[in-house]
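The values are calculated or read from the model by the stated rules, or taken from the named source; none is laboratory data. Everything numeric here is computed off the predicted structure, so don't read it as measured data. Cβ atoms come from the backbone with ideal geometry, glycine included; neighbour counts cover every protein chain shown.
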Amino acid sequence: MLNGKKIVVILPAYNAESTLEKTYNDIPFNIVDDIILTDDYSSDRTVLIAKKLGIQHIIEHKENLGYGANQKSCYSKAISLGADIIIMLHPDYQYNPKLIPAMSSLVANEVFHVVLGSRILGNNALKGGMPVYKYISNRILTLIQNILMGQKLSEYHTGYRCFNTEVFKKINYKTNSNDFIFDNQLLAQICYKDYGIGEISCPAKYEKDSSSINFSRSLTYGFGVVGVSLKYFLHKLGFKFKLFKDHEV
């Protein structure tokens, strides 16, 4: 716990056998109360390694449902465990688990509702191995999103995120996409609810084991991102989209 808040780390996993143990070993268990791993029908030994590590909460999808669906399972389980703070950490070791205390502290002390680990802040993205085309597309998409959504974030596409659990009780995250666009839909919903979002610099590592999507899926993702931001902009003008509908208890 931190400041009396229960902290749960979620690991949305898919074929993470080569990096899971390294990621797990760097998690600061002096403040983290629970770990949840959701495996999206991996074809490797991800689940076996998770059990070997002693991860208590393991959810196994019986078919590949998608990155967004993986997160939905994780968040729902974390909420059921009574988490006050939820941290999404990819088990491919692209993001440094040692930043968990810093991110959690900002949420636990009510400085922000959400904290993002930004690969762009600190100018370390390319140094960390981010492909040039991904860096350029990241910057262009973020610029478009900031304009359409009236924000000033350094990036919307990081997979390292820390949340006050109350956020999930106010938005319809379960109706979001099961694919990669889930991340952007979630951030748009959080921005629409006017929750405070902070960022910290997070040096990212791109290695052969880092998860990634191919170029064609990146294009689909990019168009989807612009679509989400346009919906946000139009919704603010009075056009209604179910993406921003209040959570139904």
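Suppose the filter is in contact (Cβ under 8 Å) with a residue 12 or more places away in the chain, among the β-branched types (V, I, T), surrounded by fewer than 22 Cβ atoms within 10 Å (Cβ to Cβ) and not in a strand (DSSP E or B); does I55 pass it?
Yes, satisfied.
Counting just the residues of the stretch 240-249 that are in a loop (DSSP other than H, G, I, E, B) and either in contact with a Gly (Cβ under 8 Å, 6 or more places away or on another chain) or loosely packed, with under 10 Cβ neighbours inside 10 Å (or both), which one comes out modelled with the highest pLDDT?
Filtering the stretch 240-249 for residues that are in a loop (DSSP other than H, G, I, E, B) and either in contact with a Gly (Cβ under 8 Å, 6 or more places away or on another chain) or loosely packed, with under 10 Cβ neighbours inside 10 Å (or both), the one modelled with the highest pLDDT comes out as E248.
Among the residues of the stretch 214-237, which ones are over 11 Å from N184 (Cα atoms), of a type in the set (A, V, I, L, M) and at pLDDT 95 or above?
The answer is L230, L234, L237.
For the subset of the stretch 181-206 comprising residues that are at pLDDT 95 or above and of a type in the set (F, W, Y), which member is nearest to Q71 (Cα to Cα)?
Applying the filter and picking the extreme gives F182.
From (1) under 30 Å from S105 (Cα atoms); (2) surrounded by 14 or more Cβ atoms within 10 Å (Cβ to Cβ), pick out the condition that doesn't hold for L230.
(1)
For E199, are the conditions met, namely being under 27 Å from I79 (Cα atoms), in contact with a Ser or Thr (Cβ under 6 Å, 6 or more places away or on another chain) and not in a loop (DSSP other than H, G, I, E, B)? Please lay out each step first, then the result.
On the way: under 27 Å from I79 (Cα atoms): yes; in contact with a Ser or Thr (Cβ under 6 Å, 6 or more places away or on another chain): yes; not in a loop (DSSP other than H, G, I, E, B): yes.
So E199 passes the test.
Between a residue in the stretch 171-186 that is over 18 Å from H90 (Cα atoms) and any residue that is of a type in the set (S, T, Y) and not in a loop (DSSP other than H, G, I, E, B), which pairs come within a Cβ distance under 7 Å, given they are 6 or more apart or on different chains?
Listed by first residue and then by second, the contacts come to Y173/Y75.
Select, from N70, N15, the only residue that is at pLDDT 95 or above, farther than 27 Å from H113 by Cα and surrounded by 16 or more Cβ atoms within 10 Å (Cβ to Cβ). It would help to see each step written out before you state the result.
Details: N70 fails: farther than 27 Å from H113 by Cα.
The conditions single out N15.
Can you tell me which residue in the stretch 187-196 is nearest to Y95 (Cα to Cα), limited to those that are part of a loop (DSSP other than H, G, I, E, B) and in contact (Cβ under 8 Å) with a residue 40 or more places away in the chain? Full working, then the answer.
If we filter the stretch 187-196 for residues that are part of a loop (DSSP other than H, G, I, E, B), which is where we start, we get 193-196.
Narrowing further to those that are in contact (Cβ under 8 Å) with a residue 40 or more places away in the chain: 195-196.
Details: Y195: 24, G196: 22 Å.
It comes out as G196.
Hey, N30 hits all of (1) touching a residue at least 60 places away in the same chain (Cβ under 8 Å); (2) in a loop (DSSP other than H, G, I, E, B) but one; which does it fall short on?
Of (1) touching a residue at least 60 places away in the same chain (Cβ under 8 Å); (2) in a loop (DSSP other than H, G, I, E, B), only one is false for N30: (1).
Can you name the residue in the stretch 73-96 that is among the hydrophobic types (A, V, I, L, M, F, W, C) and assigned to a loop (DSSP other than H, G, I, E, B) and, of all such residues, is surrounded by the most Cβ atoms within 10 Å (Cβ to Cβ)?
Step one: filter the stretch 73-96 for residues among the hydrophobic types (A, V, I, L, M, F, W, C), giving 74, 78-79, 81, 83, 85-89.
In the following step, the residues that additionally are assigned to a loop (DSSP other than H, G, I, E, B) were identified as 81, 83, 89.
Details: L81: 16, A83: 24, L89: 28.
Out of the qualifying residues, it is L89.
Exactly one condition in (1) among the β-branched types (V, I, T); (2) in a loop (DSSP other than H, G, I, E, B); (3) more than 26 Å from S137 (Cα to Cα) is not met by V167; state its number.
With (1) among the β-branched types (V, I, T); (2) in a loop (DSSP other than H, G, I, E, B); (3) more than 26 Å from S137 (Cα to Cα) applied to V167, the lone miss is (2).
Residue check: is N64 surrounded by fewer than 16 Cβ atoms within 10 Å (Cβ to Cβ), closer than 23 Å to N172 by Cα, at pLDDT 95 or above and out of contact with any Leu (no Cβ under 7 Å at 6 or more places or on another chain)?
Details: surrounded by fewer than 16 Cβ atoms within 10 Å (Cβ to Cβ): yes; closer than 23 Å to N172 by Cα: yes; at pLDDT 95 or above: yes; out of contact with any Leu (no Cβ under 7 Å at 6 or more places or on another chain): yes.
Against the criterion (surrounded by fewer than 16 Cβ atoms within 10 Å (Cβ to Cβ), closer than 23 Å to N172 by Cα, at pLDDT 95 or above and out of contact with any Leu (no Cβ under 7 Å at 6 or more places or on another chain)), N64 qualifies.
Being surrounded by 13 or more Cβ atoms within 10 Å (Cβ to Cβ), assigned to a helix (DSSP H, G or I) and in contact (Cβ under 8 Å) with a residue 40 or more places away in the chain is the filter here; which residues of the stretch 104-151 pass it?
Of everything in the stretch 104-151, those that are surrounded by 13 or more Cβ atoms within 10 Å (Cβ to Cβ), assigned to a helix (DSSP H, G or I) and in contact (Cβ under 8 Å) with a residue 40 or more places away in the chain turn out to be S104, S105, L106, V107, A108, K134, S137, L141, I144, Q145, L148, M149.
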